[in-house]
Amino acid sequence: MYASDVAQRHFSAAVAEAETSGLGHEAVCRALLSLVISKYLETRSIADIQAELRFIAENCDPDTDFMFMRP
């Protein structure tokens, strides 16, 4: 089992519960992101977290190839 498997299982359950409760996935995604950042702040610097979030934001387009990817 991988960390991504655990995260995916719990994320899917949270989204399903939010949808069933009429909250929608946007609200639960925002809440989960806030929780992740709060947990990161326990052991990481603000600059480090900002850099990671910036990298993710700048590279979230699934149709864009990374420079290091081969054709």
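Nothing in this text is a laboratory measurement; each read-out follows from the coordinates by a stated rule. Since the structure is predicted, the reported quantities are computational estimates derived from the model, not experimental observations. Heads up, the Cβs are rebuilt from the backbone with ideal geometry, glycines too, and the neighbour counts pull from every protein chain shown.
Structure notes:
- Only Lys, Arg (+1) and Asp, Glu (-1) charged, at Cβ; region 1-57 dipole about Cα centre in debye: 120
- Calculated from backbone phi, Karplus (6.51, -1.76, 1.60) coupling profile of region 29-39 in Hz, x at Gly/Pro: 5, 4, 5, 5, 4, 4, 5, 4, 5, 4, 5
- Over the chain: helical MRE at 222 nm, DSSP H runs n ≥ 4 each giving -39500 (n - 2.57), nearest 500: -22000 deg cm²/dmol
- Positive-end residue, the chain charge dipole about Cα centroid, Cβ charges, pick of 35, 13, 45: 45
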